[in-house]
1. List the residues whose amide H sits under 5 Å from the amide H of residue 398, counting only those 5 or more places along or on another chain, with H placed 1.01 Å from N in the peptide plane.
2. List, in order, the whole-Hz ³J(HN,Hα) value for each residue of the stretch 256-272 obtained from phi through the Karplus relation with A = 6.51, B = -1.76, C = 1.60 and θ = phi - 60°; use x for Gly and Pro.
3. For labels at residue 120 and residue 341 in the simple 7 Å Cα→Cβ model, what's the distance in nm?
4. Taking R0 as 60 Å, what's the FRET efficiency between residue 213 and residue 147 from their Cβ-Cβ distance, rounded to 0.05?
5. Among 144, 95, 79, what's the order by accessible area (1.4 angstrom probe), most exposed first?
6. Where a Cα-Cα gap under 20 Å defines reach, which aspartates and glutamates qualify for residue 252, not counting those fewer than 8 residues away within the same chain?
7. Enumerate the calculated ³J(HN,Hα) couplings along the stretch 198-205 in order (Karplus 6.51 cos²θ - 1.76 cosθ + 1.60, θ = phi - 60°), each rounded to whole Hz, writing x wherever the residue is Gly or Pro.
8. Grab the DSSP H runs of the chain that are 4 residues or longer, score each as -39,500 (n - 2.57), total them, divide by all residues and round the 222 nm result to the nearest 500 deg cm²/dmol.
Amino acid sequence: MRRLLVLVMLGLLMGVAQIAAAQDSPLTIQSQTLTPEVDVYGVPVLNVRGTLLNAGVVAFTDVTLTATGYNAAGEAVAEGFGYLVNACHAALPYEFVLEPDVSQFYSIPLELYEEGVTVDRVEVNATGTQTIPALTPDAAPLPEGITAVATGEIVNVEWIDAENLRFAGGCYRDLFTAQSWREYNLLAAQTTPIEHPQAARVTDALRAQLGLTEPIYFQHSALSYDPTGGRRLVYQTELSTVVTAEADGAFKRIVFEKLSSYSLEGLQWLREGRFLAYYYGSTGDPVSYFTASVDGQTLSESVPKSLPSLIVPGASPDGERLVIAQEEAGITGYYLKRAAYPGTELLFEHPAPGNNWPGPAWVVTADGADWLYAALPADDGSARLACYNSATQTLTDLAPLPLNLTSEERARWWLSPDDRFLALAANGLNGGLWLLDLMALGGCAD
């Protein structure tokens, strides 16, 4: 029925190749913000950002946007040409298809006609080439034990307790204060928009205490509060020195200094204030890392001394052991490493995914066994959930994972406090949040 309706609409609109986002157009400016920024060359620029909604029944490709800025007297003082982007403002390809009833981010850099003028308001128009929405096969039903919670670019998750979590949409490079947070109750299966509980603590006074008053250093800081109470925080300075501090910025303790030659890509909180920090340049690069505590105690070798990993490492709950992927003596696989010492032990042989896949999630059972949940690539490139049991030294395939990542997209996951669930999040055009019930999926038992 949908395909028939699309064909009818295309017949009615035949010969009209471009449609502007006017009042009667399906391409509708859903939101619009004028944002002062600094470009990659350090030059101040004005950007118009927002979301564009396709409110019609016809899909569009080759979507472009134009903007005109006006001063208070109604005179045109700026103009710009823009495009659809992802949550991190990276341009999407022109062949990207904006399907009916779908919205997407856009970005339009403005060029002022002359210096010193003030832009009072902006008018944005969008054009696109009509196309029939792609007929994609219905998505395979999720296995029993995997529940879809949200769609969109989900980049952060914090477990509140075994029955509640909060998750964030937006760009993974943004601080948690700039991301859009929601809370989810597992029993009621209900989602509620929220402000992050630590956001109110990030004041001008705190930024001054941490030496992060400059916006560029603040954005670079990767500031994060321990989600298991928020007693202390972790951040990096302008020289990429990693520091922990009390929630108000007092009692700072240096963890590792001057890591400016490394790019911090993520910080994974473990248990009892322990955390894993990992570094790489781009997808495909080897991963460097360290583990430490929020009190400033180092638990591993330093970043320069860390044995490079093909994946984001998995860390034990206490941060004292790691699982990395590497090729050693011609064998590519997953290796156990004591965090503070050199040397590895092969756990199982398997091709490794890229560093944009989730690293192994580590469960220590009541009888002391280690269960390692891993996202592993299948022969066809799809993602599978598997579990390695250290007691039996067996690797068990459990289920397909709902991941469809390009090289520029990433997925991460977080264990619930009772080790029952994994919250799997992904960004990109196929992003979302899913709950993996590890008990329902078979777990890692003998």
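1. Amide H neighbours of residue 398: 385, 386, 387.
2. For the stretch 256-272, the Karplus-derived couplings read 9, 9, 6, 9, 5, 7, 10, 10, 5, 9, x, 9, 10, 6, 9, 10, 6 Hz, x marking Gly and Pro.
3. In this crude label model, residue 120 to residue 341 measures out at 7.2 nm.
4. That gives a FRET efficiency of 0.90.
5. So the residues, ranked largest to smallest area, are 144, 95, 79.
6. 204, 214, 226, 238, 272, 295
7. Karplus values, whole Hz, x for Gly and Pro: 9, 4, 5, 7, 7, 9, 4, 5.
8. Per the formula, -1500 deg cm²/dmol.
The values are calculated or read from the model by the stated rules, or taken from the named source; none is laboratory data. Since the model is a prediction, treat every value here as computed from it, not as a measurement. Reconstructed Cβ throughout: ideal geometry from the backbone, glycine too, with neighbour counts over all protein chains shown. Areas reflect the complete protein model, heavy atoms only, side chains present, ligands, DNA and RNA absent. Shrake-Rupley method; radii C 1.70, N 1.55, O 1.52, S 1.80 Å.
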